[in-house]
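Bear in mind these aren't lab numbers, they're just calculated from the coordinates by the rules spelled out. As the structure is a computational prediction, the values presented were derived from the model and not from experiment. We place every Cβ from the backbone using ideal geometry, glycine too, and count neighbours over all the protein chains shown.
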Amino acid sequence: MDFYVAAIIQAMCFGPLVIGLFLSMKIFNIPDITTDGSYTLGAVITAVGLAQGSSAIVTLFLALAGGALAGSCTALIHTRLRIHALLAGILVMTALYSVNLVLLGRSNMPLLGYMDIFSGFGVFESPDHNTLSVLLIMLAILFLVMSYLLRSDFGIAMRATGDSEPMIRAQGVNTSRMKVYGLAISNALVACSGSLMAQFQGFTDINMGIGIVISGLGAVIIGDTAINFLKVRAISVMLVCVLFGVVIFQLILAAALGVGVDANLLKLTTSLLVLFIVALPRMGGILQLSRR
Amino acid sequence: MLDLQHITKVFNVGKATEVTAVQDITLQLNAGSYTVLVGANGSGKSTLLNLIAGNIYADTGSIRLHNKEIQRLPDYRRSQCVARVFQNPLLGTAASLTILDNFRMAALRRSRKWMKLGMDRTFTQIVRDKVSTLGMGLEDKLAQPMGTLSGGQRQALTLLMTVMTDVDVLLLDEPSAALDPRSAREVMEIADRIIQENKLTALLVTHNIGEALRYGTRLIQMESGRVVRDYNQQAKSELGHADVVSWFDYYE
């Protein structure tokens, strides 16, 4: 049972990340690979901040700022130099690997014994329940802030930017600047996830971000499938679907590990799972084709 | 009102494909005038429209609006005073947003989009009243995504969106070209009504000679990047269909 509780906690740590990816991939239609780097950046900033004696809240905000900076870099490369977003993201992600290594000073750092964001909350006896409560509160705040943001005039302009650029430029919006804001918010959220995950697992590792964009994407696609299936139109309900998606995704992964999939094959399993989820809506067509 | 002085635009300078799209055009649009622009493909009509909208910048010359230079302003800054309707009905509205969201953006065309909720009951009522003037029954579908509507409906709404806030110049780039004949006529009638009710300064590009004769207070023909014919309202009303068709017959 504890195994599945851990999976849910992990899913909730990924909460900000999937909201961020939903913003970049689904709302802005930008495939943003910076994620792999900014996730680690969030964890690295947290490790360095805690080791320097900063409070957990301050380090969390520093991580958010670091992620926002990384996202702005990608967006500026994409919009100013007109380089494909995919390439811009890969460039920044690669550069961040060195940045992270220099900041951390080594490739791995344990975070045990520091006052992290989960240790201040001691209502329940079980530490898992305390962690879950802290994450629930954080996700609730994140959900309220993001659903307000996306329903505001600014948020409508953001959604229109990803939808029809000529339309929103004709309504007086600088779409290049909008993309910078969007990717900054998206990567700040990704870095927030990195920070939470580092504190939950008790260490920061320079390679912890590898393939994280795929885990996030899997969750976003599950959420998107739910959105299309339920014909959701309200943006706040879409956010709920995406958060629901990440819990499902992590539970499926946990189940796979539970039935004895080798932990070394975790990334392979993740990839195959995402492939399966992406391919699922197309399976129907193939089945019909064979019937013809 | 809108004053174009010696505008020239050359594409692909120095290459084999070099083309002078607009050549030394000087043109004034008076306040409240409705100018119709005709011309063969490649005559520079669309380029001229894009130059005014700010999608592309002129090589030489100046564009002044209310005696203020605007030729260096990017399109999203110019759209505060220049509204436009695209040929492609899908471009003028955002498909995944609701009708109400689209109108909210249009209402804020001249102002910043702050992080506050602007969709209150008063705003919804204003949009409902506006949309009901179209007589398409769309006022009950304000919460529907734009993508669920037909091209004609979207083009009509795009037109209506341009007058959600003050507008100095309205650019219509073949707004009915992609529509069926009936929707095309509806959209052109709506455009005419909106222009007259709001006393807008408008510029219509069209390939449809019927439209060119029926609407507008002035008719201009472009050829090879120049204005070759310019008729005022009086002279335009005396023109017949065959006269305008003959402008396009080069081989006789």
Original post:
Percent relative contact order of chain B, based on C-alpha pairs within less than 8 angstrom and at least six residues apart?
Top reply: 27
Original post:
Mean residue ellipticity at 222 nm from the helices of chain B, using -39,500 (n - 2.57) per DSSP H segment of n ≥ 4 over the full residue count, to the nearest 500 deg cm²/dmol?
Top reply: -9000 deg cm²/dmol
Subject >> Sites B:His6 and B:Ala177, calculated FRET efficiency, Cβ-Cβ separation with R0 30 Å, nearest 0.05 >> reply: 0.50
**OP:** Can you bin region A:82-167 into rounded, prolate or oblate? Criterion: square roots of the alpha carbon gyration tensor eigenvalues sorted a ≥ b ≥ c, rounded for a/c under 1.5, prolate for a/b above b/c, oblate for the rest.
**Re:** oblate
**OP:** Mind checking which of A:Ala254, A:Val5, A:Ser147 is farthest towards the positive end of the protein assembly as shown's charge dipole, using Cβ charges of +1 (Lys, Arg) and -1 (Asp, Glu) about the Cα centre?
**Re:** A:Ser147
**OP:** Only Cα pairs under 8 Å and at least 6 apart count here; give the relative contact order of region A:79-187 as a rounded whole percent.
**Re:** 18
Subject >> Sequence-separation-based contact order of region A:2-291, relative, with Cα cut under 8 Å and 6+ spacing, percent >> reply: 35
Subject >> Cα-Cα over 28 Å, subset of B:Lys68/B:Lys116; B:Lys116/B:Lys199; B:Lys68/B:Lys236; B:Lys45/B:Lys199; A:Lys26/B:Lys15; A:Lys26/B:Lys116 >> reply: B:Lys68/B:Lys116; B:Lys116/B:Lys199; B:Lys68/B:Lys236; A:Lys26/B:Lys15
Original post:
What residues have an amide H closer than 5 Å to that of B:Arg226, excluding those fewer than 5 places away on the same chain, when H is modeled at 1.01 Å from N in the peptide plane?
Top reply: B:Gln23
Original post:
Ranking A:Ile156, A:Ile77 by Cβ neighbours within 10 Å, fewest first, what do you get?
Top reply: A:Ile77, A:Ile156
Original post:
Rounded to the nearest 0.05, what FRET efficiency do A:Phe143 and A:Val5 have when you use their Cβ-Cβ distance and R0 = 22 Å?
Top reply: 0.55
Original post:
Say the dipole of region A:2-291 comes from +1 at the beta carbon of Lys and Arg and -1 at that of Asp and Glu; which of A:Thr131, A:Ile30, A:Ile221 then lies farthest toward its positive end?
Top reply: A:Ile30
**OP:** Give me the distance between the Cα centres of region B:68-104 and region B:216-235, rounded to whole Å.
**Re:** 26
Original post:
Toward the positive end of the charge dipole of the protein assembly as shown, about the Cα centre and with charges on Cβ (Lys, Arg +1; Asp, Glu -1), which of B:Ile220, B:Leu100, A:Val58 goes farthest?
Top reply: B:Ile220
**OP:** Give me B:Trp114, B:Trp247 ranked fewest to most by other Cβ atoms within 10 Å of their Cβ, as a rough exposure proxy.
**Re:** B:Trp114, B:Trp247
Original post:
By its C-alpha gyration tensor, with a ≥ b ≥ c as the square roots of the eigenvalues, how is region B:141-203 shaped: rounded for a/c under 1.5, else prolate for a/b larger than b/c, else oblate?
Top reply: oblate
**OP:** Sort region B:67-206 into rounded, prolate or oblate with this rule: let a ≥ b ≥ c be the square roots of the eigenvalues of the Cα gyration tensor; rounded if a/c is under 1.5, and if a/c is not under 1.5, prolate when a/b is larger than b/c, oblate otherwise.
**Re:** oblate
Original post:
To the nearest 20 debye, what charge dipole does region B:2-247 have about its Cα centre, counting +1 at the Cβ of each Lys and Arg and -1 at the Cβ of each Asp and Glu?
Top reply: 760
Original post:
Which residue, B:Phe123, B:Phe86, B:Phe103, tops the fluctuation ranking in a GNM of chain B built on C-alpha contacts under 10 Å?
Top reply: B:Phe123
**OP:** Starting with the fewest neighbours, write out B:Thr26, B:Thr17, A:Thr204 ranked by other beta-carbon atoms found within 10 Å of each beta-carbon.
**Re:** B:Thr17, B:Thr26, A:Thr204
**OP:** Report the FRET efficiency, 1/(1 + (r/R0)^6), for A:Ser107 and B:Ala95, where r is their Cβ-Cβ distance and R0 is 45 Å, rounded to 0.05.
**Re:** 0.45
Original post:
What is the distance, in nm, between label points placed 7 Å from the Cα along the Cα-to-Cβ direction at A:Arg82 and at A:Ile210?
Top reply: 3.7
Subject >> For region A:128-166 and region A:16-34, distance of Cα centres in Å >> reply: 12
